[in-house]
1. So, how do all the Cα-to-Cα distances of the stretch A:124-231 break down into 5 Å bins, in percent, from 0 on up?
2. With a ≥ b ≥ c the root eigenvalues of the C-alpha gyration tensor of the stretch B:155-299, is it rounded (a/c under 1.5), prolate (a/b larger than b/c) or oblate?
3. Just to be sure I understand the model, the point goes 7 Å from the Cα along the line to the Cβ. What's the resulting A:VAL542 to A:GLU814 distance in nm?
4. Given a Förster distance of 30 angstrom, what is the FRET efficiency for A:GLN1106 paired with A:GLU985, based on the Cβ-Cβ distance and rounded to 0.05?
5. Does anyone have the angle between helix B:225-239 and the longest principal axis of chain B? Alpha-carbon axes, 0 to 90°, nearest 10?
6. Would you mind counting up the charge near A:SER77? Only other residues with Cβ under 11 Å from its Cβ, with Lys and Arg at +1 and Asp and Glu at -1.
7. Indicate the gyration tensor shape class of the stretch A:842-883 (rounded, prolate or oblate), computed on the Cα atoms with a ≥ b ≥ c the square roots of the eigenvalues: a/c under 1.5 is rounded; otherwise a/b larger than b/c is prolate and the rest oblate.
8. What FRET efficiency comes out for the pair A:ASP202/A:ALA103, r = Cβ-Cβ distance, R0 = 25 Å, nearest 0.05?
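Read the figures in this text as sums done on the coordinates, not as results from a lab. Model, not experiment: these values are computed from the prediction. Heads up, the Cβs are rebuilt from the backbone with ideal geometry, glycines too, and the neighbour counts pull from every protein chain shown.
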Amino acid sequence: MTSEQGGTGSASPTRDELIAELLSLPAAVGQAYHGATDHVEHRLGSEEHYDQWLSAALGIAGASFRAWEAAAEYVRSSPAVLDALERPQEANTWYESGRALSAHSAALASSFFRASAGFLERRDVERLPAWISAAETLFHGTWKSGALAARFFEVSPGLLDHVRLSDLATFANFLDHVAQHSSELAEECLTMAPDSLPYVDDETIDTYLELLDETANRNWKYAKETQRAAAVALPRIARSERQRFLTFAINLAEDGGKRYLSFLAEGSRAVSDLPLHMHRQALDDFEVLCGLSEEAAVEFLRAAPHVLERIDDDNLVRWFQEGVTMLERNEAAGIAFFKLESARGEALIQELSATVSLEDVAPILQMYARGLTGGDMQLRPTPELANRSIGWATEDRASTDGTNVFLPPEIALFETKDDNFGWFKVLCTHQTGHLEFDSFTFNFDRAGNIFPLTRPALAARIAEQNEGAAPRDPVAAAPNPEMTGVTTAVLSDYERFFDLFPERRLASDLFAALEDARVDHLVRLHYRGLRPAYGMVQAAAVIGRPAPQQLPLRMALVELLIRMTLLEGDQKIPVPQSLRDVVERMAVILARLRHDEATVEDSAEATVILYRLLINVPNTMPQPDLDWEDMDLDELGGEAAQGLQEADSAQMGGEEFVPGSGTEQDVPYQSPQDVDYRGDFKPELVQTIANLRKGQQRAEDSVQAPQLTEEMVRQLLEKSAEIDLSSVVEGDIDDPSGLFISSLMSEAIEGPDAEFNDEMGEVGSGGGDGEESEESLEEQEQTALYDEWDFVALDYKPAWCRVRESTMQEGSAEFYEQTIERHAGLINEVRRQFEMMVPETYRKEKRLTDGEEFDLDAVIDAIVQRRAGATPDDKVYWRRNKTERDVAVIFLLDMSASTAEAIEERSDFDDDDEDIPDDPRQYLFWLRSRREQQKRSYLRIIDLEKESTVLLIRALETIGDQYGIYGFSGYGRENVEFYSVKGLEEQFSDRVAKRIDGITPLHATRMGPAIRHATAKLDDVSAKTKVLFLISDGRPQDRGYSREGAEKEYAVHDTHDALVQAKAKGIIPFLLTVDRAGHDYMKEMCGDLPYEVLADIELLPKRLPQLYSRLTL
Amino acid sequence: MTEQTVLKDATVMSYSEYEIEEYTIDSEPYYLPIRDEVEVFTAAYEEKIPVILKGPTGCGKTRFVEYMAWRLGRPITTVRPDGKENSHGKALVTIAAHEDLTASDLVGRFLLEGEETKWVDGPLTRAVKTGAICYLDEVVEARKDTTVLIHPLTDHRRLLPVEKRGQILEAADGFLLVISYNPGYQSALKDLKQSTRQRFVAMEFDYPPREYEAQIVLQESGVDEDSADLLARLGEKVRNLKEHGLQEGVSTRLLIYAGKLIARGVPARRACDVAISDALTDDPSVQRSIREITTSIFE
């Protein structure tokens, strides 16, 4: 193929000539021509214009080498371009521009032609030059720059939907900056533009481009990230604030670092977590902070959403101002404040927050609840109950499982802490009310105090009926075994009770409402101080309940019952006049149940009565002719109605339950909406769990008694209205009830407290315990949070370190025995030393001004003196003083990795001048034994710590001081490991001996939290003298246990603070280090607290008891 | 001993001073028997069997002894060593035991008078001589060597050796030793020795049941019936906290104090703060819990 055809333009060639010339170009041009010509001719209309078009193509093709490609593209895109033009005659400008381009680069021109239609659809043809010049900014004659410019043509028309043409030029400038360093990157930036620019609006675009340009100038590498980050960030921010946000980023970018990127990403995320109306405020504050400390400003944005979760908008201002004040005073403190790493800041948030979290009030409420119920119950968050998957599913409603009370994790319903706490108290009191007023000790056969007992008779009749009739079907027949002795013993009383009712759900709902009403009545009776809060909560509970007028009839009556249980006497409820007598009877029953002497059995009888009333009301959709009328509750349950009731109760016994009379038009019955403060009341389940536990107990005591089998439980939960299996077990499990039963059964075995025993898992003495219990104890890790002292910010970082306490793993007992053998002499010496420390119980003290008796010698002296005319000494008494040794001590061993370092070999091996045997066989033997010896002589610091521990134990056991031995190590603030070798309260045992061998070098040394944890332990015991003895091998260090510019001092200061705090609690802290270089930091770390740097580490076992005895005397 | 020290002119003197063995209970102390304690004590007294009263603080042990002293003293007209008749109650010598209570504190000691020593009887000796009821309160607090001293007094011998004078005293007929202790907060160290324990019959006291307590509070404090009921209820609830943060439940005594304050016009919740929650404990969270119970019960 010939590629070069000189397009020599003689004076106006004819059209045919033009076409012929065009077709003589490479085939692609011809193909394009044939595809386009008809449409172009049609669009251009005049011959003249068409000829112009043709000659333009030839002109383009002749502009440069390979320009025919551009020409082909020109021809091909012409129809679309002409379509886009309002007046096709204007195409001139277009192809003139194109021809100029194709003189530079055919490829560029091709792109131009191809993209032109897109441009012209959006902008006038006059604008073409501006567009082209933007693209030309990018083109520097190289192939790469050409490709970029071409790509620009391709991409940019679409962008014009969002930005101005001038912006496009700016954007091209930015791309050019980037391309100077990397055209690939520039191209990527360009490719991203359609995804990012749409988010930039007119007001923001300048700033946006400025940001891009700014960053490209400073650090072109971040160009793409900037673009991406901005694209992500902008939509997150309130429209009005976007520009300002970007300005901040530009300011931050000034240092050429990456900070502005994280600001874009995290700052925007933080702002987006704020409600829209807070965006301005937050950015205002941010701006203020920027003037003080950019770091603080960034931290502020990050923290603000979290803070706002806890306090309201107004208080955020106060919090912010406090932070600014701190920042002005001490920058580090201010930054810590906004990082939420300041104890003062945390305290302020707590103070400003109205939210009451269960965690904070649980100790108070638990004790309160224990006071009310007299039980050993625990107060736990509701999710814990739901997670046990034993029938409770909701995570935010209070409940009780009969032993413990569960409350939602936090309350933020009201604007003040007091009101929120009040709500907690009402929730708690209602639940404890169920316990205090015996909701769960329901006895099927026991009579109440108000209503006559009809249940057993009813059960008997139902049993008779069932016997008479042929068994309908096995499943239906099964739940009625009340009268057969064996099963009654294991069925819960509630199960028997609810078995009486064909419409179990209705009975269950009625009972719950009545029993809740009874409990509420008794709570209000006995706790009159709570009445105001209770009334408020009850009134609030009515709001938002479904209107009875909208409900099917039977459900409407249940709803009315619930409203009656919530409202006071003079309040009104809507009553359908046609059913007025039913409502009146309900009111009367309720009024009678609200009696000071009413028991749970009365609630049950009331349920029977109301069930009879309601089962005959069809559950039809409401009819308009019901004639609802608001009525006073007083009126409903008043005297007149009472009389009616008396007559009623006489005939109560005989009637049999019949299923609801209505049939087809009936709507299926649904339970009423929950009453929030009453929580989840599941009496049947609670009794079943209690029975399971009892059964378990009996089985353990090997008493022959009927047991609840899995089958029975399965039956129960299939019929019970209290359990919604689908909500208990999520996901598609084949056998949800199976899973439920197994967790229920294991609940019974483990007992209620198995999962959340908050007492320390102390290991019992004696090694007899099985493997199993040991494992479970090791798993049982206790954690505690401690603050950390930041000496730069002069503040604590709140709840900064998590100490994880567990029992030390056991090694072999050999180590203990061997150490005792090896150091028999030293042990005896130390023990003697210690025995001398034990004081005599009674010491006679003489020469006192007052005492038990005269010291006759002193009396005589005094008289002699007086006779001699001198002033006698009046100290003439003696007394016996009782002195007791009352010492508690914790030894804290550093188990950091550095304790694995070898110390110098023991001297007695080194200079052995043994004869080396001549006989080679003997020599080998000698060599091996020598190596063995040397291996054993390789001694680590930790080994000495362990030996010293053994020695101490021997000594301490002789004087009877209370002591605990713990080791600590860890990595990072979240993992401060704390191992108990011997708990403070634990007796010495074989297991303790074995655990000593378990002491091994582990990770780092974060001393502060370990000391604080040990301090807390000592603080819990009562002893006159308390000692915290810390043995370490070097300075404290850990990941993050430092601060920029003060790497070492930070840890030293925190440790110092921990020690000072221990001292403030009346504990004598003592630091012993085997680090010979310890003098330089120990002085600072201990201040005026006692410490010792042990020059010769070998002395440790000997020195330790000496120091101890001196400390505790 | 003489009796000239009885100074009872209340219009002049703001206090009354008695010789220790002459202190008698003149008017009937209020005591509401819960069970058969009055009958049992009377029988023990008549049989000269020493009595231990066990029970938490402020549940009425001391009041019971006072009541019994009055009751036992009144019908039986005891003749005192000085020949005079005691028309009031029975003499009651109360000794509060403490850590430093020594044998000499009980038995007596030599004092200096001029340049001579002079023996002065201790309260126990005086009670033994006069045949009074000697009530050793909180006996476990006393040192062990002190408690041993009462051994010969508390068996059939009824002897008090006064070593320093080389004497042995035989107790007068009406003498009875009553000791009290609170098993609640004694540590293992402060348990009563078996040899001591087994010389007494033990009567267990506890806080009265709610209805009784309400009556006692009503009677003692002069508060209205309703408040007395509520106080008794509060007492019951607070006692549930024993060992859950409280070493001891609230005593009837404190409930009475609260009642008195209420009767004097202090608002009920405030009265309960000062007389109950703040009095019982220094732990702020326990105080708060008790306060929550208080605010639930009282308006």
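1. 2, 14, 27, 27, 20, 8, 2, 0
2. Prolate.
3. 8.0 nm
4. 0.65
5. 80 degrees
6. Around A:SER77, the surrounding residues sum to 0.
7. Prolate is the answer for the stretch A:842-883, as a/c is 1.5 or above and a/b outweighs b/c.
8. Once rounded, the FRET efficiency stands at 0.10.
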